[in-house]
Amino acid sequence: MIVANWKMNGSKASIHDWINTVSKCIKPNPKVPCVFCPPSLYIDFSRKLIDDLSSEIKLGSQLVNAEDGTALTGGLNSLMLSDFSTDYVLIGHSEQRTFFNEQANQTSNKMQNSIDAGLSIIFCIGEPLDVQKQNGTNNFLATQLEILKGLNLDNVTIAYEPVWAIGTGLNAERRYIEEVHQFIKDYCATDLNLKENISVVYGGSVKLDNAEEILSSSHVDGLLIGGASLNPDNFSNIYNLS
Ligand code: PGA
């Protein structure tokens, strides 16, 4: 899976250009979904463009809110995303955890509601710099993975994004990525009793220059790309490496 996470970027014009260009330039591989996550306001606009072009691009939301029965002005729930034929949703992104103070019980609530609404989930995990420096990565990730216990994980992909690599230009090194992805897969198989090998994609300062090396690393099943996904030619070139 190769995912474009546009964060708070874009306009109708740039989304139109991106969907047109990427639809033309990628060589679609049915085993490698190409997922576009625009800002939520543009979900419907993007859906229509993708459908009009009969494009292979799948649509993802960057946002879903936890539903605990209380009124939530500005909220967006999983049924609304499903109503607009959204295929994927990003849950647990470090920017949501940091800036919106998202707690594990909210992450878990979002996961359950999204599974119930038939959405496929990209579940983001990753350690901050101080944890990495103290060799605490595995314990930190194990705690984040705990919320997967008891969920039906057929449609869940894990995105490993070290917080210190997001938007910094400093991607994690190949050996580190391989070790961490292996740990995540082993932990899911042994501690969470997953039947099948779960897919784990890498995110954090992926760009055209480093994408091939990261993609060829063992245990890496795809990429989650922020800044470098904004340019449709760059993104298509990265997709075509997969
Ligand atoms: P980046 O962002 O590629 O700009 O580092 C990745 C992400 O936040 O998903």
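Each residue in the range 138-150 was checked for being open to solvent by 20 Å² or more (accessible area, probe 1.4 Å), hydrophobic (A, V, I, L, M, F, W, C) and under 18 Å from the mean Cα position of the chain (by Cα), and 1 of them qualify. Checked against (1) within 23 Å of residue 36 (Cα to Cα); (2) not in a helix (DSSP H, G or I), residue 114 meets all criteria but (2). If the condition is being surrounded by fewer than 16 Cβ atoms within 10 Å (Cβ to Cβ) and within 15 Å of the chain's Cα centre (by Cα), then the range 151-164 contributes only 155. For the range 165-217, the set of residues classified as within 13 Å of the ligand (Cβ to nearest atom), of a type in the set (Gly, Ala, Ser) and either in contact (Cβ under 8 Å) with a residue 40 or more places away in the chain or crowded, with 16+ Cβ neighbours inside 10 Å (or both) consists of 165, 167, 172, 203, 204, 205, 211, listed by residue number. Here residue 85 passes the criteria (1) touching a helix residue (DSSP H, G or I) at 6+ places or on another chain (Cβ under 7 Å); (2) in a helix (DSSP H, G or I); (3) surrounded by fewer than 19 Cβ atoms within 10 Å (Cβ to Cβ) except the one numbered (2). When restricted to residues that are in a loop (DSSP other than H, G, I, E, B) and surrounded by 14 or more Cβ atoms within 10 Å (Cβ to Cβ), the range 88-111 contains 3.
Taken as a whole, the condition of being touching a residue at least 40 places away in the same chain (Cβ under 8 Å), aliphatic (A, V, I, L, M) and closer than 20 Å to residue 7 by Cβ does not apply to residue 76.
The values are calculated or read from the model by the stated rules, or taken from the named source; none is laboratory data. Quick caveat: nothing in here was measured; it's all calculated off a predicted structure. Because the Cβ atoms are built from the backbone with ideal geometry, glycine has one as well, and the counts that use them run over all protein chains shown. For accessibility, only protein heavy atoms count, side chains too; no ligands or nucleic acids. Shrake-Rupley method; radii C 1.70, N 1.55, O 1.52, S 1.80 Å.
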